[in-house]
Amino acid sequence: FKNHNNDALVEEDYYEKGINYDEEYLAKSNVVNDEAAPEIKISETQLILQLKDAADYQLTLMRPSSKEKDVSSAGKTIGDGNLIIIERDRLDKGLWSLKLQWRANRKDYLFTKDITL
């Protein structure tokens, strides 16, 4: 047997990720089945996401070139439009990986997309 302590192909939390796989798959399926993908609008000053229903959310914007620039936001959607608004002044131009998790109508949703600002 070989010790895999330094093996980059073996993740330390592989067991937990396996357990969460089914939940993530269901949340992604809910987005498709309920036609609940957010509408994404990018203006000069804001990144605006509009959800189908009011929700509690967790948003993560990951910058592939620099983990230190990642941005997270959590809360409730705003107004009748069910909006999530992120000011762009703290977001560099370029590629970002967007991960949005939310709960609405007693269902969990997960949406991921690469966007360019």
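Throughout, read-outs are computed from the coordinates displayed, never taken from laboratory work. Keep in mind that this is a model prediction, so the values were computed, not measured. Because the Cβ atoms are built from the backbone with ideal geometry, glycine has one as well, and the counts that use them run over all protein chains shown.
Report the label-to-label distance for Lys93 and Glu35 in nanometres (one decimal), using points 7 Å from each Cα along the Cα→Cβ vector. In this crude spin-label approximation the distance works out to 3.7 nm. Length available on full extension from Lys113 to Ser73: 0.36 nm per residue minus the Cα-Cα distance, which gives 12.8 nm.
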